[in-house]
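The values are calculated or read from the model by the stated rules, or taken from the named source; none is laboratory data. Computed from a predicted structure; not experimentally measured. Cβ: placed from backbone, ideal geometry, glycine included. Neighbour counts: every protein chain shown.
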Amino acid sequence: MSRSTQNLILLLVGAGMAVMLLRGTYVHYVKPALLPWLVIATVVLIGLGLAAVIRDVRNAGRPDEHPDDDHGHRHRGGLVWLLLVPIAMVAFIVPPPLDARGATAAPPVTSAPKPRDFPPLPAGPAPTVAVPEIVMRAAADPARSLDGRTITATGFTLRYPDGVYLGRVVIVCCAADAQLARIRLSGPAAATAAAFGEETWIAVEGRVEPGSAQAANDYVPTMSATTVTRVDKPANTYAYRSP
């Protein structure tokens, strides 16, 4: 691979990352908290590429100290340029975020989750609580803060043999560790949720049934839904949790 090709690939990788940052599509791969590190990496890549190009331009008139470096490899030049194709595709052809089929199902729970403290629920008659937080509170909150509280949860519909579920793809760091968080829906409005197509985004208002998250169901809670409303798919479909 010639030096000019190496420099071009380095610049294209940096430019591709810059395009993803400007368009906001980086959230399809990593959580938003990593944005500062991605900016630093992009600046470094572009800076190194530009520095290499400037160095080669300045040395263009000087004799080559290693004229035979590429001897026997010039016929591969066309294949080397094919390396640019996947780089350009990642930058300009944006794949959709993972959905329920792309996320890994949560592994079976062999022991009860360790109890932990949670902050108080937001004030209001039906505060919005993230699906993964509901799952964790139902299984591991010794204060049982969900008991008797009407809350609102947003996610997409999932159909299983035992009923309809509210789901959300959850990541800790990046899409590679994505898992599926689920809440089983019951109650008067569960039929409304079941009438929607698979992976329809909805907002559900209701109450988590006390004690419904058990070892027998892998600590998946049941929510008695009183109101189900179809909503627009959010720009960022992932939910996040701490490691």
Across region 202-228, which residue is farthest from Gln179 (Cα to Cα) among those that are in a loop (DSSP other than H, G, I, E, B) and charged (D, E, K, R)?
Glu209
Among the candidates Ala126, Ala140, which residue alone is more than 26 Å from the chain's Cα centre (by Cα) and either loosely packed, with under 12 Cβ neighbours inside 10 Å or in the same structural domain as Ala190 (by TED's automatic domain parsing) (or both)?
Ala126
Could you check, for region 208-222, whether at least one of its residues is in contact with a Phe, Trp or Tyr (Cβ under 8 Å, 6 or more places away or on another chain), farther than 15 Å from Ala130 by Cα and modelled with pLDDT under 95?
yes
Is there a residue in region 189-197 that is part of a strand (DSSP E or B) and not hydroxyl-bearing (Ser, Thr, Tyr)?
no
In region 167-188, which residues are within 25 Å of Pro125 (Cβ to Cβ) and either outside the structural domain of Asp232 (by TED's automatic domain parsing) or not in a strand (DSSP E or B) (or both)?
Gly187, Pro188
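Given the options Ala41, Ala15, name the one that is closer than 30 Å to Val170 by Cα and modelled with pLDDT of 85 or more. I'd like the intermediate steps shown before the answer.
On the way: Ala15 fails: modelled with pLDDT of 85 or more.
Answer to the check: Ala41.
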Give all pairs with beta carbons closer than 8 Å in which a residue from region 51-65 that is under 11 Å from Ser4 (Cα atoms) and in the same structural domain as Gly14 (by TED's automatic domain parsing) meets a residue that is among the hydrophobic types (A, V, I, L, M, F, W, C) and modelled with pLDDT of 65 or more; count only pairs at least 6 apart in sequence or on separate chains.
Ala52/Leu10; Val53/Leu11
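Quick check, is Leu180 at pLDDT below 95, more than 25 Å from Asp117 (Cβ to Cβ) and surrounded by 20 or more Cβ atoms within 10 Å (Cβ to Cβ)?
Details: at pLDDT below 95: yes; more than 25 Å from Asp117 (Cβ to Cβ): yes; surrounded by 20 or more Cβ atoms within 10 Å (Cβ to Cβ): yes.
Yes: the conditions hold for Leu180.
The rows are residues; the columns are (1) within 27 Å of the chain's Cα centre (by Cα); (2) surrounded by 12 or more Cβ atoms within 10 Å (Cβ to Cβ); (3) touching a residue at least 60 places away in the same chain (Cβ under 8 Å).
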position	(1), (2), (3)
Ala191	no, yes, no
Ile202	yes, yes, no
Glu209	no, yes, no
Asn217	yes, yes, no
Ser224	no, yes, no
Asp232	yes, no, no
